[in-house]
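FYI, it's all coordinate maths here, none of it is from the lab. Everything numeric here is computed off the predicted structure, so don't read it as measured data. Note that we place each Cβ from the backbone using ideal geometry, even for glycine, and neighbour counts take in every protein chain shown.
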Amino acid sequence: MSPTDCSELVDMDHAATTALCDESIAAMEPFLMGTDLTGRGRGRYGNPSGSHALARDAVRALDEAREQVATVLGCEPGEVVFTSGGTEADNHAVTGGMPPRRGTPVCSAVEHPAVLRPTQALGGATVAVDRFGRVDLTALAETVRTIGDGHTGGSYTGGSYTGGSYTENSRAPGVSVVSVMTANNELGTINDISAVAEVVRRHAPGVPLHTDAVQAAPWLDLRSVACEADLVSVSAHKLGGPKGTGALVVRRPHTLAPLLHGGGQERDRRGGTHNVAGIVGFAAALIAAARRRPVSVERIGALRDSLAQRLVALDGVTETIDRRKAPTLPGHCHLLVRGVVGEELLLLLEQRGVCASAASSCASGAIGASHVLEAIGVVDPDVAPVRLTLGADSTPAEVDRAVETFTVSLDRVRSLSRRGAVGGAR
């Protein structure tokens, strides 16, 4: 297969990204190549920060998209802050903007790097998880209580940003934010955000709770599962929308200083000219995913179960998460494969037309130690992690091909390993 020929590939890495859905393409088309208000074929290209007809056309599109996103996410339109994606939304939620909130951010040990790294950069604390990757509620309570006990004063209720100046309400430093993801991007494990919220409100009243719902958004109804989070991050390209677009829900009374200072867009919460086409496509994809969810969850869950059952029947292959004991997203199948090098198995899978991954998809794609697996106690140099993730458009035929290819590739890599000749053979 040619390296540039992807038409025959089976995508088993939907957690990394998804193809644009038809609804998103149709919604964006008028803003990319349709007829503009002057009758010429330049697209509806107006800047919503202006005041003339072209700008007002963009504002109407932006307002409609904001209402659509708010409806699906279960918030008010004014609580939606459009961003460049999940990473920006996560960074904004953790830091509180620029300048950062005073205090100590807290997150679980298995968060996406977009949460974990800003937490670490601000001198924050991480909380242990159980064997399945769910945050340990007892440990969370102890962490926020310990940090809070080190200071005196009242709880945090936010601040205000007006006229280019941010004023923080008086409070003790303490905990600045708690961040626990709705569902883990590597394992697919789902956290009980309502239970997390109860712990935060009992031991750190007034402190904002953030949840990274990027992986959960295609599969779970965030109006219910994330309704008690004060800050919620989502990303368009994980659910059939365009890359480079996302949103952060900021529920009242919490406020944020802008992370990106500029022209005061997004009610002074995020400077920069809006990506109108991307935002419109994001809203359309979010609506489409919500509409299809009842059917796709059942169908894809059954396909995932079939995939997992057939692969764990192979010698030395086990599921990382016992789904009888911990709920996971319907598209995630995370495996541990004994006696192989992960990079070699993934290479052979790709050479035979199946795309999978070892963990999350960041940076160059190079495979390194997974902080998620380390956090759940899965550290064995003789065991390779493999993540197969299905999407809403995955088919039984693709699952069949993935199983067949995985079986052949596993036999091949073990054979080559025994002969000391792994690498490059097709």
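Please express the shape of region 296-419 as an equivalent ellipsoid: the semi-axes are the square roots of 5 times the eigenvalues of the C-alpha gyration tensor, given largest first in whole angstrom.
Those come to 21, 18, 14 Å.
Take the alpha carbon atoms of region 241-333, find their radius of gyration, then divide it by 2.2 N^0.38 Å using N residues; give the quotient.
1.63
Taking the Cα centre of region 287-365 as the origin and placing charges on Cβ (Lys, Arg +1; Asp, Glu -1), which of Ala359, His332, Val295 is farthest toward the positive end of the dipole?
Checked the options; the winner is Val295.
Does anyone have the angle between helix 22-32 and the longest principal axis of the chain? Alpha-carbon axes, 0 to 90°, nearest 10?
50
Volume per residue, Å³, of the convex hull around the alpha-carbon atoms of region 195-261?
Looking at region 195-261, the number lands at 93 Å³ per residue.
Which of Val177, Cys75, Ala226 sits farthest toward the positive end of the charge dipole of region 22-287, with +1 on the Cβ of Lys and Arg and -1 on the Cβ of Asp and Glu?
Of Val177, Cys75, Ala226, it is Val177.
What fraction of the DSSP beta bridges in region 22-287 is antiparallel, stated in percent and rounded to the nearest 5?
Around 55 percent of the beta bridges assigned by DSSP in region 22-287 are antiparallel ones.
For region 46-89, count the residues as N, evaluate 2.2 N^0.38 Å, and divide the Cα radius of gyration by that value, please.
Computed over Cα atoms of region 46-89, the ratio equals 1.28.
Averaging sequence separations of C-alpha pairs under 8 Å and six or more residues apart, then dividing by the length of region 22-287, give the relative contact order as a whole percent.
For region 22-287, the relative contact order is 25 percent.
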